[in-house]
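Here the structure comes first, spelled out in structure tokens, and everything after it is commentary.
No value in this document is a laboratory result; all are computed from the given coordinates. Note that the coordinates shown come from a computational prediction; the quantities given were computed from them, not determined experimentally. Reconstructed Cβ throughout: ideal geometry from the backbone, glycine too, with neighbour counts over all protein chains shown.
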Amino acid sequence: MGNIIIHPAWQIAERFVTSEAVFLNRRSFLRQMSFAGAAGLAAMPLAGCAKAEPPDADSRTSSAAGAVVPAQAYPASRNQEFNPNWTFTNEKIAGRYNNFYEFTLSKDVYRYVNKFATTPWPIQIGGLVEKPMTVDAMELVGMFGLEERIYRLRCVEAWAMIVPWTGFQFSKLVGKVSPKPEAKFIRFETFNRPDQAPGMAQVPDYPWPYFEGLRLDEAMNPLTLMVTGIYGKPLPKQHGAPIRMVVPWKYGYKSIKSVVKIEFIAKQPKTFWETLQPDEYPFESNVNPNVPHPRWSQATERMIDTGDRFKTELYNGYGKYVARLYAKG
Ligand code: MTE
């Protein structure tokens, strides 16, 4: 296992390459801490899986509505405010160590995504808004443009990664639909296609489709991104193609993948994990080293590629942007 490093060493560019074998050992260690373990469910068998599909970086992504995002749109220009001198997590490892329970409870999601169709991708945006709309994911890109930001992502399972995401600030979309004054929260929902996502049938008792929520002020925070790409290319399916949320100061499960519905509502919505285990996965779920998960510590975290272990930071290190959202009184 990696060394204990006491300062937030993801700020240090120097990294070590990890061999696949060492990585796989770490994976099995990490699986012990997974949601699947948490829910008392066995990990899905790895055999008999579909062939992996590489990210489709060279093709053009088109929608039924005719919106097209040329591959040349990637990489998008980097937003200099989110361009720290951190070394990225190894791309291949990030794409083979995923949580996407619609496909499998194990981390090798990339093996199970072949049948998943990501175009066209209509998204319903409605609820308490003046201008509801149904638009294709790629039309949203046309409306708001793309930028690249380097963020850390911290999973509740105590692993972390550093990746360049491509997307647009979610507040732009909020502005476009003009929320009514009663709108205080946003509820997000993922697709519901058991025929394309084999994990759904394997855990039929889960409250599919996956759903999440944010306060409106959290959704409006400049950090909140709607994402269509990673590592300078369109999102591979296992990372949440064609469009997902990224909320970097909260545990990873708040960053819902493959979103099809965005609803503005007055009351705090339930979330998928909160419905399953309210004591373990509350609505707010900000990264906080001082609040342990009921069954494990959140004080440190492990980088998925090097295995190095770092101290976890409050709000995942993004307090400058978000602490005021949670100031009491
Ligand atoms: N979104 C959906 N629809 N289904 C999921 O199972 N898993 C979440 C989140 N979004 C999940 C999801 C969890 S637990 C994490 S840590 C992140 O996705 C992982 O994102 P990544 O696989 O791109 O690293």
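Could you tell me which GluC sites (Glu not before Pro) in region 156-194 are loop residues by DSSP with no more than 15 other beta carbons within 10 angstrom of their beta carbon?
In loop regions of region 156-194 (DSSP not H, G, I, E or B), the sparsely surrounded GluC sites (Glu not before Pro) are 182.
With a 10 Å radius around each residue's Cβ, average the other Cβ atoms per peptide and rank 219-230, 259-270, highest first.
219-230, 259-270
Report Rg(Cα)/(2.2 N^0.38 Å) for region 71-124, keeping two decimals.
Rounded to two decimals, the normalised Rg is 1.53.
Starting at the first residue of region 138-144, write each ³J(HN,Hα) from the Karplus equation 6.51 cos²θ - 1.76 cosθ + 1.60 with θ = phi - 60°, in whole Hz, x for Gly and Pro.
Residue by residue, region 138-144 yields 6, 5, 4, 4, x, 6, 10 Hz.
Calculate the FRET efficiency for residue 328 and residue 77 from the Cβ-Cβ distance with a Förster distance of 30 Å, rounded to the nearest 0.05.
The formula returns an efficiency of 0.20 here.
Can you tell me the length gained on complete extension of the stretch residue 92 to residue 119, counting 0.36 nm per residue apart and subtracting the Cα distance?
7.3 nm
Among residues other than residue 102 whose Cβ falls under 9 Å from its Cβ, what is the net charge (Lys/Arg +1, Asp/Glu -1)?
Combined, the nearby Lys, Arg, Asp and Glu give +2.
If you put +1 on each Lys and Arg Cβ and -1 on each Asp and Glu Cβ, how big is the dipole of region 210-328 around its Cα centre, in Debye rounded to 20?
180 debye
Let a ≥ b ≥ c be the square roots of the eigenvalues of the Cα gyration tensor of region 188-320; is it rounded (a/c under 1.5), or, if not, prolate (a/b larger than b/c) or oblate?
rounded
Subtract the Cα-Cα distance of residue 150 and residue 284 from 0.36 nm times their separation in residues, and report this length gain in nm to one decimal.
This chain segment gains 45.9 nm when fully extended.
Please state the shape class of region 116-249: rounded when a/c is under 1.5, otherwise prolate if a/b exceeds b/c and oblate if not, all from the C-alpha gyration tensor.
It comes out rounded by the Cα gyration axes.
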